[in-house]
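Single-structure report; data block below.
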Amino acid sequence: QVRLVESGGGLVQPGGSLRLSCAASGIRVSAATVGWYRQAPGKQRELVATISRFAYTTYGNSVKGRFTISRDDDNNLVFLQMNTVEPEDTGVYYCAIPGRGSWGYGTQVTVSS
């Protein structure tokens, strides 16, 4: 059974940084495409970033150049480094392996002064 647990969310000021973590069990993150998604109040869930088995990364247009996805294969973790955050980055951030239909419960990120 695949389980994904997000952590690291919280309140951050505009222009600040935050790092989210996703701890996986039941699957090796190096063997799947893992993604970060987010959902803001009243909006649809959107792609933030993905990292493939071969460590190829993709980003949503709104976060390119500000966010970085990476992983720690030894500890089976995937990270999302969020820099220069904006109020529009506010939302619940989910870790997912869409190919397996696996989603975490999410972690709240709020960008506000």
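The values are calculated or read from the model by the stated rules, or taken from the named source; none is laboratory data. What you see is a predicted model, and the numbers here were worked out from it, not measured in a lab. Here the Cβ is made from the backbone with ideal geometry for all residues, glycine too, and neighbour counts use every protein chain on show. Heavy atoms of the whole protein, side chains included, go into the accessibility calculation; ligands, DNA and RNA do not. Shrake-Rupley method; radii C 1.70, N 1.55, O 1.52, S 1.80 Å.
Quick one: in region 88-113, which of the residues that are of a type outside the set (S, T, N, Q) and assigned to a loop (DSSP other than H, G, I, E, B) is most open to solvent (accessible area, probe 1.4 Å)?
TYR105
What is the number of the single condition among (1) open to solvent by less than 60 Å² (accessible area, probe 1.4 Å); (2) in contact (Cβ under 8 Å) with a residue 60 or more places away in the chain that ASN76 does not meet?
For ASN76, the exception is condition (2).
Could you grab me the full set of residues in region 46-73 that are open to solvent by 60 Å² or more (accessible area, probe 1.4 Å) and touching a Lys or Arg at 6+ places or on another chain (Cβ under 7 Å)?
Selection gives GLU46 alone.
Only one of TYR105, TYR56 is modelled with pLDDT of 95 or more and either more than 13 Å from the chain's Cα centre (by Cα) or more than 16 Å from LEU4 (Cα to Cα) (or both); which?
TYR56
Can you name the condition, by its number, that ILE27 falls short on among (1) surrounded by 17 or more Cβ atoms within 10 Å (Cβ to Cβ); (2) within 16 Å of the chain's Cα centre (by Cα)?
ILE27 satisfies all of (1) surrounded by 17 or more Cβ atoms within 10 Å (Cβ to Cβ); (2) within 16 Å of the chain's Cα centre (by Cα) except (2).
Does VAL85 satisfy the criteria of being open to solvent by less than 50 Å² (accessible area, probe 1.4 Å) and not aromatic (Phe, Trp, Tyr)?
yes
For PRO98, work out the one condition from (1) in contact with a strand residue (DSSP E or B) (Cβ under 8 Å, 6 or more places away or on another chain); (2) under 20 Å from LEU4 (Cβ atoms); (3) modelled with pLDDT of 95 or more it doesn't fulfil.
(3)
Filter region 41-53 down to residues that are within 19 Å of VAL5 (Cα to Cα), touching a residue at least 40 places away in the same chain (Cβ under 8 Å) and assigned to a loop (DSSP other than H, G, I, E, B), then give me how many there are.
The number of residues fulfilling the criteria is 1.
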